[in-house]
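A.B. asks: Supplied in structure tokens, the structure appears directly below.
What follows is calculated from the coordinates using simple rules that are stated; it is not laboratory data. Since the structure is predicted, the reported quantities are computational estimates derived from the model, not experimental observations. Ideal geometry is used to build each Cβ from the backbone, glycine not excepted, and the neighbour counts take in all protein chains shown.
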Amino acid sequence: MIQSMTGFGKSVIQLPAKKITIEIKSLNSKNLDINARIPSNYREKELELRNLIANNLQRGKVDFSLYVEITGDEAPTSVNPGVVRNYMQQLSHVIGDTGSESDRLELLKMAIRMPDALKSEKEEIDESEFQTIEKALQEALENINEFRSQEGASLEADFVKRIKSIMTGLEEVEKIDPDRTAAVRERLEKALAEVKEEVDENRFEQELIYYLEKFDITEEKVRLANHLKYFLETMESKESNGKKLGFISQEIGREINTIGSKANYAPMQQLVVQMKDDLEKIKEQILNVL
């Protein structure tokens, strides 16, 4: 059973005074690369959250986001009155305060935008709240793994279809191989006849056998059949192993290329082109397999 590295998971927690949303998105990558975006007051728990993600998502470029929305009456940020008054006094000296209400309002608007005019109390993370966040993260991870499994099932169906297409091409190659050998022999005999020279028949047969052995593809056909079978067996294993499937596809490509280089026969080369086309589509999709 294979899994895709593409996925999305989401979980929402509603606490008495806040709403916490967790989102996880993953794309294909050679290794595990986690990009975390979380509020500063949750940073002390970032390593624990990363470890939980790493234990559930072995590979992929992962974007993890934790959003906090305050729904209670308490504001997370408060005004620093002393600092604001000091700024207003300094600004009034600079621009000349006339004492009108509108001028004081303008001074207040400018002062509130100055550094340290607002202060945020560092909120300690409640342990029970963090346990709730962990539970929600686990739910989001289950969602993304379910998404990955569904995507993997689609990939698997496409792989099976294309591997069987290559198998069909290999069967056709085996069927026309005797015709290819006969065609090569016929071309050589015709070329020799055009030379109009007497030749030793025994020597000619020896040279012909040597020439045909150089173009023999029996070993390539056997190895290709074994690689195709191994590819299907690997997909049926319990663990998704995209890297292993990638290695097998490279071996499949090597055998197909060798058959193509030895073919020297147009009908067989056409079959090889079709097999290469199917294999290239497999290689493209394997990059997304976990």
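A.B. asks: Multiply the residue separation of MET110 and THR258 by 0.36 nm, subtract the distance between their alpha-carbon atoms, and state the gained length in nm to one decimal.
C.D. replies: 45.7 nm
A.B. asks: Compute the length gained on full extension between SER40 and GLU186: take 0.36 nm times their separation in residues and subtract their Cα-Cα distance, giving the result in nm to one decimal.
C.D. replies: 44.6 nm
A.B. asks: Of the listed peptides 214-223, 273-282, what is their order by residue-averaged count of other C-beta atoms within 10 Å, with the highest listed first?
C.D. replies: 273-282, 214-223
A.B. asks: Along Cα→Cβ, 7 Å out, is where each label goes; now give me the distance between the ones at GLN250 and VAL273 in nm to one decimal.
C.D. replies: Each label point lies 7 Å from its Cα, and together they span 2.8 nm.
A.B. asks: Nearest 0.05, what FRET efficiency do ASN55 and THR21 give at R0 = 25 Å with Cβ-Cβ as r? Present the calculation step by step, with values, prior to reporting the outcome.
C.D. replies: On the way: r = 22 Å, r/R0 = 0.87.
About 0.70, to the nearest 0.05.
A.B. asks: Run the quick spin-label model on ASP63 and LYS229: label points 7 Å from Cα toward the beta carbon, then report their separation in nm to one decimal.
C.D. replies: Calculated label separation equals 4.5 nm.
A.B. asks: Output the pairs from LYS10/LYS281; LYS243/LYS281; LYS175/LYS283; LYS10/LYS243; LYS164/LYS283; LYS25/LYS161 with a Cα-Cα distance over 25 Å in this structure; if there are none, say none.
C.D. replies: Pairs exceeding 25 Å: LYS10/LYS281; LYS175/LYS283; LYS10/LYS243; LYS25/LYS161.
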